[in-house]
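K.L.:
Quick one: structure below, then a few questions.
What follows is calculated from the coordinates using simple rules that are stated; it is not laboratory data. Everything quoted here is computed from the prediction, not taken from an experiment. A quick note on method: Cβ atoms are made from the backbone with ideal geometry, for glycine too, and the neighbour counts reach across all protein chains shown.
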Amino acid sequence: MPLDTSAPLPARLGVVASSSAVGGAVRRARAKRRLREIFRRNQHLVPPGCDILLVARRAINQLEYRVMEQRFIDACRRIFKPSSDSQ
């Protein structure tokens, strides 16, 4: 079956959580699950075709979910804000 190239590709996510930065397997898995869920719930903020790489840091174990989500939303709005040149 031929690939439909007319449809825009969805935004994609990659998550990195190293044991030296985040901790053991349980902490790494939890951090990655939380980051994937934040992306899933807010992927409408990311333009189609964009690839996002999130790198978990040590502080992720202490952050509340809502704080992490708000930081992701703020970053997306700052990075993907419409440029004034496109008008």
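K.L.:
Using the crude model of +1 on Lys and Arg Cβ and -1 on Asp and Glu Cβ, and no other charge, please compute the dipole size for the chain relative to its Cα centre, in debye to 20. Working shown, then result.
P.N.:
Working: 17 positive and 7 negative charges, 118 e Å.
My answer is approximately 560 debye.
K.L.:
Between Q43 and S19, take the C-beta separation as r, use R0 = 25 Å, and let me know the FRET efficiency to the nearest 0.05.
P.N.:
Values: r = 27 Å, r/R0 = 1.10.
Calculated value: 0.35.
K.L.:
Which three lengths, in whole Å and largest first, does the stretch 3-87 cover when its Cα atoms are put on their principal axes?
P.N.:
Computed over the Cα atoms, the extents are 46, 33, 20 Å.
K.L.:
Quick one: compute the contact order of the stretch 12-78, relative version, from alpha carbon pairs under 8 angstrom and 6+ residues apart, as a percent. All intermediate terms of the calculation are to be shown ahead of the outcome.
P.N.:
Details: 63 pairs, mean separation 30.7, N = 67.
Relative contact order comes out at 46 percent.
K.L.:
Which angle between 0 and 90 degrees, to the nearest 10, do you get for helix 25-42 versus the longest principal axis of the chain when only C-alpha atoms count?
P.N.:
With rounding to tens, the tilt is 30 degrees.
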